[in-house]
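Student: Let me begin by handing over the structure; questions about it come next.
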Amino acid sequence: MAIITMRQAISDALWEEMERDPKVFIMGQEVGVWGGTYAVTKGFLDHFGEKRVKDTPIAESAIVGAGIGAAMVGLRPVSEIMTINFAFVAMDHIVNEAPKMHTMFGGQMSVPLVIRTAGGGGRQLGATHSQTPDAVFAHFPGLKVVSPGTPADAKGLLKAAIRDNDPVLFIEHAAMYQIRGEVPEGDYTTPIGVSKVQREGDAVTIVTYCKGLQLSMAAAEQLSQEGIEVEIVDLRSLRPLDMGPALASFKKTNRAVIVEEGWPSYGVGAEVATRLYEAAFDYADAPIKRVAQKEVPLPYNAALEQFALPQVDDVVAAVKEVL
Amino acid sequence: MALKKKDHLELYRQMVLIRRVEERSAELYQAGKIGGFLHLYIGQEAVSTGIVSVRQPQDRIITAYRDHGVALNVGISAKAVIAELLGKETGVSKGRGGSMHMADVEKNFWGGHAIVGAHLPIAAGMALGDQYEGRDGVTICMFGDGATNIGFFHEGVNLSKVWNLPVLWLCENNQYGMGTAVDRASAVEQIHMKAEGYGIPHSRLEDGMDIMKVREVVGAALDHIRSGKGPYFLEVMTYRFQGHSMGDPQRYREKDEVTKWEKSDPIGIYHRYIVGEKIATKADLDKIEEAVEAEVNEAIEFAEASPDPGFDTLYDYMYASKE
Ligand SMILES: Cc1ncc(C[n+]2csc(CCOP(=O)(O)OP(=O)(O)O)c2C)c(N)n1
C-alpha cells in the first residue's frame with residue numbers, strides 16, 4: 001500500500017473515474033485553468049480537455065442545477081462547490097431538486113450526480129467561511145451525504161459516489177488535504193452507507209467521522225498511554241446512516257462519546273445519541289457525551305477560533321467523564 | 001412544415017383536450033377530489049400546442065408547474081393526467097407528483113417543476129448533455145414572466161451563453177406572476193430584452209393566442225439553435241383566463257380585462273382559421289369536440305376507479321440505486 005495525501009487520494013479517484021467512464025466530467029469554479037482551489041484537479045485540464053473539465057461562472061445554482069440536468073439525461077457529472085459555505089446559495093438545487101427528482105416523477109428520472117465540496121473551520125476565515133453544516137444536508141431523504149476521514153476511504157467513497165445512481169453530497173475537510181494515509185493499490189470502491197471500526201478497544205465507544213476521526217485517533221493515543229483503550233467507529237456516510245458497528249460497540253463498552261466538528265444542536269451527535277438510546281438504552285452505564293463546536297459563529301482570532309472548535313483534549317476529557 | 005387537414009384537426013383536438021381536461025379538473029377540485037394546488041392553463045393552449053407541434057422527437061421539453069398543457073400535447077393520456085391529479089398509482093408520476101409534477105421521459109418531456117425558476121439551470125444541464133454527446137436535440141425550457149426575476153434565471157441563461165448550449169428559453173408572458181403584474185415585478189417590461197444582457201438573440205411574439213404564429217416563431221428559433229448558433233430567447237405574449245390557481249379571487253385585475261382577452265380565445269381563433277381557410281368544416285370540429293368529451297369522461301371514470309398507491313410502496317422511489 002502506498003502512503004499518500006488526502007488530496008492525492010481524491011484526485012486519483014476522480015482521475016481514474018474519468019479515465020474509466022467518458023460520461024464522467026467535472027465542473028466548478030476554477031477546476032480547470034487554475035487547477036482546483038485545493039489543487040485537486042491540477043493537470044486535469046491538460047489531460048482531459050475543456051469538454052470534461054469545465055470552469056463555471058460563480059453561480060452555485062447553475063453548477064448544481066446543470067449537474068442535475070446533465071445527470072438526468074445520462075451523464076455522470078461531478079459538480080464542485082468551492083466550499084460548503086457557498087452551498088447555501090444553491091440550497092434549492094442540492095436539497096430540493098436533486099433528491100426529489102426520482103421520487104416525485106415516480107421513478108422515471110434519476111440524478112447520478114456527485115456534488116463535491118469542502119467544509120470545516122480552523123483556518124481563520126471568519127464565520128461565513130468556516131462552517132461544518134453537514135447535518136443540515138443530511139436531514140434530507142433522497143440525498144446521500146458522505147464525508148471521509150482517511151485517504152483510503154476518500155478514494156473508495158468518491159469512486160462509489162461517482163458510480164452511484166443517486167445524488168451524493170461528498171464533503172471533504174479543507175484542513176485535511178495534507179493528511180497522509182495508506183491507500184490500497186488498484187481500483188476499489190468503499191460502499192456508501194457502511195460505518196467502519198477504525199480502532200478497536202473496550203473502554204469507551206467513540207462515534208465520529210471526517211475531522212472528528214483525526215481528533216479521536218489522537219485522543220486514543222493519549223488515552224492508551226494511560227491504559228484506556230477506546231473503540232472508534234467512523235460513520236463515513238451520514239445518510240444513509242449505518243448504526244450497526246456503533247451499536248455493537250456500545251453494547252460492548254456501555255459508554256459512548258460522539259465527536260463532530262459541527263454545532264451540537266440538531267446535529268449528527270444528537271442523531272447518533274438518540275439512536276443509541278433508542279436501540280440500546282439498557283446497555284448505557286453512563287450518559288452519552290457529545291464533543292462538538294461551541295455554539296457561536298466562528299471567530300477570526302486564532303486562539304478564540306481554536307477555543308470554539310473541538311480539540312483532542314476535549315475528546316480525552318469526555319472519555320474520562322463517561323468512564 | 002406545411003400542415004395537412006388531419007394535422008390541423010389533431011392540433012385542434014389537443015387544444016380542446018387541454019381545455020376540457022382542465023374544466024373538468026376544476027370541477028373535481030371543487031368536489032374535493034383533487035388536492036393541493038391546481039394551476040390551470042386555460043387561455044394559453046396555443047403556446048404549448050404550438051411548441052410541441054414543431055419540436056423534433058429529440059428536442060426535450062421542460063416546464064414549470066403549469067404543466068397540464070404540455071403533458072397532454074406530448075401525448076400523455078388524459079387518463080394518466082387525471083389519475084395523477086387524483087393522486088392515483090395509475091397517474092403519470094404514480095401519484096407522487098400531482099398537478100405540478102408531471103413528466104414522461106420516454107416522450108422527452110422532463111416535467112413539471114414547482115420551484116419558480118429552479119428548472120432553468122437544470123434545462124441548461126440537459127442541453128449540456130446533448131452538446132456533450134454530440135446529439136442535435138434542443139432543450140426547450142418554458143417558464144413564466146415571474147420566473148425571470150429570480151436568480152436562477154440569471155445563472156441558467158448566462159451559463160447557456162457561456163457554454164453555447166442548445167437551449168430555447170421560452171418565456172410565456174401571461175402578464176402576471178400570481179397577483180403581480182409584470183410591470184410591478186420586472187425592471188424591464190419587455191422580458192425578451194433581458195436576453196440582450198447575455199448576448200443571446202431574442203424576440204417577442206405579440207400574438208401568442210394564435211397557434212399558427214407560435215409554430216412559426218418557435219420553428220425558426222429551433223432551426224437557429226440547431227444550426228449551432230447557441231441559445232435563443234423567445235417571449236410569447238399570452239393570457240391566462242382563470243386565476244393563478246384554484247381559489248384565487250383575482251382582485252388584482254379587472255373583469256373587463258379578462259373579458260377583453262377572452263375575445264382572443266386561442267381555440268376560437270384556431271376554429272375560425274380552420275373553417276375560414278376551408279381546411280375543415282364546423283361539423284368536423286364539432287365531431288372532435290364530442291370525441292374529446294367522451295375521452296375525458298372515460299378518463300375521469302378510469303382515474304376514479306384506479307387504486308391509490310399502497311402504503312407498502314412508500315419508499316419505492318426514494319433511491320434509483322437498488323442495493
Ligand atoms: C421560489 C418560489 N417562490 C415562490 C413560489 C410561489 N409561486 C408559485 S407560482 C408563482 C408565480 C409565478 O409566476 P410566473 O413565473 O409568471 O408563472 P405563471 O404563473 O404566470 O405561469 C409564485 C410566486 C414558488 N413556487 N417558488
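Student: Select from region A:76-93 the residues that are closer than 18 Å to B:L128 by Cβ and either within 16 Å of the ligand (Cβ to nearest atom) or modelled with pLDDT under 95 (or both) and list them in ascending order.
Tutor: Hits for region A:76-93 are A:A90, A:H93.
Student: Given the criterion within 30 Å of B:W110 (Cβ to Cβ), at the interface with chain B (Cβ under 7 Å from one of its Cβ atoms) and β-branched (V, I, T), identify the matching residue among A:I58, A:I63, A:I68, A:I81.
Tutor: Being within 30 Å of B:W110 (Cβ to Cβ), at the interface with chain B (Cβ under 7 Å from one of its Cβ atoms) and β-branched (V, I, T) holds for just one of A:I58, A:I63, A:I68, A:I81, which is A:I68.
Student: Please find, within region B:49-69, the residue that is nearest to B:V218 (Cα to Cα) out of those that are within 16 Å of the ligand (Cβ to nearest atom) and within 14 Å of chain A (Cβ to nearest Cβ).
Tutor: B:I61
Student: Name the single residue, out of those in region B:87-113 being away from the ligand (no atom under 16 Å from the Cβ) and among the aliphatic types (A, V, I, L, M), that is farthest from the other protein chains (Cβ to nearest Cβ).
Tutor: B:V92
Student: Now for a different question. Take region B:262-288 and flag every residue that is part of a helix (DSSP H, G or I) and either more than 23 Å from B:D207 (Cβ to Cβ) or polar (S, T, N, Q) (or both).
Tutor: Of everything in region B:262-288, those that are part of a helix (DSSP H, G or I) and either more than 23 Å from B:D207 (Cβ to Cβ) or polar (S, T, N, Q) (or both) turn out to be B:K282, B:A283, B:D284, B:D286, B:K287, B:I288.
Student: Another question, if that's okay. May I ask you to list the residues in region B:159-175 that are touching a residue at least 60 places away in the same chain (Cβ under 8 Å) and of a type in the set (A, V, I, L, M)?
Tutor: At the first step, the residues of region B:159-175 found to be touching a residue at least 60 places away in the same chain (Cβ under 8 Å) are B:160-161, B:164-175.
Within region B:159-175, B:L165, B:V167, B:L168, B:L170 qualify.
Student: When you scan region A:126-217 for strands (runs of 3 or more DSSP E) that lie fully inside it, which ones turn up with 3 or more residues that are surrounded by 18 or more Cβ atoms within 10 Å (Cβ to Cβ) and touching a residue at least 40 places away in the same chain (Cβ under 8 Å)?
Tutor: The qualifying strands (runs of 3 or more DSSP E) are A:144-146, A:168-173, A:204-208.
Student: Sticking with this structure for a sec: Take the residues in region B:130-140 that are outside any loop (DSSP other than H, G, I, E, B) and among the acidic types (D, E), then tell me which one is surrounded by the most Cβ atoms within 10 Å (Cβ to Cβ).
Tutor: Among those residues, the one meeting the criterion is B:D130.
Student: With respect to A:A90, is the statement that it is closer than 21 Å to B:G129 by Cα, within 7 Å of another protein chain (Cβ to nearest Cβ), of a type in the set (A, V, I, L, M, F, W, C) and not in a strand (DSSP E or B) true?
Tutor: no
Student: On to the next question. Give the number of residues within region A:218-240 that are within 22 Å of A:G120 (Cβ to Cβ) and buried (at least 19 other Cβ atoms within 10 Å of the Cβ).
Tutor: So the answer is 10.
Student: Quick one: which residue in B:D248, B:D265 is within 16 Å of the ligand (Cβ to nearest atom), away from every other protein chain (no Cβ under 14 Å), in contact with a Gly (Cβ under 9 Å, 6 or more places away or on another chain) and closer than 23 Å to B:Y176 by Cα? Lay out the reasoning, then the answer.
Tutor: Details: B:D265 fails: within 16 Å of the ligand (Cβ to nearest atom).
Testing whether each residue is within 16 Å of the ligand (Cβ to nearest atom), away from every other protein chain (no Cβ under 14 Å), in contact with a Gly (Cβ under 9 Å, 6 or more places away or on another chain) and closer than 23 Å to B:Y176 by Cα leaves just B:D248.
Student: Picking from B:T238, B:T148, B:T180, which residue would you name as being surrounded by fewer than 18 Cβ atoms within 10 Å (Cβ to Cβ), within 15 Å of the ligand (Cβ to nearest atom) and more than 14 Å from chain A (Cβ to nearest Cβ)?
Tutor: Result of the check over B:T238, B:T148, B:T180: B:T180.
Student: I would also like to ask the following. Would you say B:N164 is over 24 Å from B:G50 (Cβ atoms), part of a loop (DSSP other than H, G, I, E, B), within 14 Å of another protein chain (Cβ to nearest Cβ) and more than 13 Å from the ligand (Cβ to nearest atom)? Break it down stepwise before answering.
Tutor: Values: over 24 Å from B:G50 (Cβ atoms): yes; part of a loop (DSSP other than H, G, I, E, B): yes; within 14 Å of another protein chain (Cβ to nearest Cβ): yes; more than 13 Å from the ligand (Cβ to nearest atom): yes.
When the stated conditions are applied, B:N164 passes them.
Student: Ok, one more. Within 18 Å of the chain's Cα centre (by Cα), of a type in the set (G, A, S), in a helix (DSSP H, G or I) and closer than 22 Å to B:W261 by Cα - does that describe any residue in region B:26-37?
Tutor: yes
Student: Can you say whether B:E106 is modelled with pLDDT of 95 or more and touching a Gly at 6+ places or on another chain (Cβ under 8 Å), as far as the supplied structure shows?
Tutor: For B:E106, the condition - modelled with pLDDT of 95 or more and touching a Gly at 6+ places or on another chain (Cβ under 8 Å) - is not met.
Student: Could you run through region B:114-129 and say how many residues are at the interface with chain A (Cβ under 7 Å from one of its Cβ atoms) and either away from the ligand (no atom under 14 Å from the Cβ) or assigned to a helix (DSSP H, G or I) (or both)?
Tutor: Residues flagged as at the interface with chain A (Cβ under 7 Å from one of its Cβ atoms) and either away from the ligand (no atom under 14 Å from the Cβ) or assigned to a helix (DSSP H, G or I) (or both) within region B:114-129 amount to 8.
Student: Look at region B:71-93 and say how many of its residues are touching a helix residue (DSSP H, G or I) at 6+ places or on another chain (Cβ under 8 Å) and part of a loop (DSSP other than H, G, I, E, B).
Tutor: Going through region B:71-93 one residue at a time, the tally reaches 11.
Student: On to the next question. So which residues in region B:293-323 are touching a helix residue (DSSP H, G or I) at 6+ places or on another chain (Cβ under 7 Å), within 17 Å of B:L85 (Cβ to Cβ) and of a type in the set (A, V, I, L, M, F, W, C)?
Tutor: B:V296, B:A299, B:I300, B:F302, B:A303 - these are the residues of region B:293-323 that are touching a helix residue (DSSP H, G or I) at 6+ places or on another chain (Cβ under 7 Å), within 17 Å of B:L85 (Cβ to Cβ) and of a type in the set (A, V, I, L, M, F, W, C).
Student: Of A:P151, A:P167, which residue is over 27 Å from A:S249 (Cβ atoms) and at pLDDT 95 or above?
Tutor: Values: A:P151 fails: over 27 Å from A:S249 (Cβ atoms).
The match here is A:P167.
Student: Can you confirm whether region B:187-198 contains a residue that is modelled with pLDDT of 95 or more, buried (at least 17 other Cβ atoms within 10 Å of the Cβ) and either within 9 Å of the ligand (Cβ to nearest atom) or in a loop (DSSP other than H, G, I, E, B) (or both)?
Tutor: no
Student: Further question: Quick check: anything in region A:182-191 farther than 29 Å from A:L75 by Cα and not small (G, A, S)?
Tutor: Let us first name the residues in region A:182-191 that are farther than 29 Å from A:L75 by Cα, namely A:182.
Of the ones still in play, those that are also not small (G, A, S) are A:182.
Scanning region A:182-191 turns up at least one residue that is farther than 29 Å from A:L75 by Cα and not small (G, A, S).
The values are calculated or read from the model by the stated rules, or taken from the named source; none is laboratory data. Owing to the predicted nature of the structure, the values given are computational and were not obtained by experimental measurement. Positions of Cβ are backbone-derived with ideal geometry, glycine not excepted, and every protein chain shown enters the neighbour counts.
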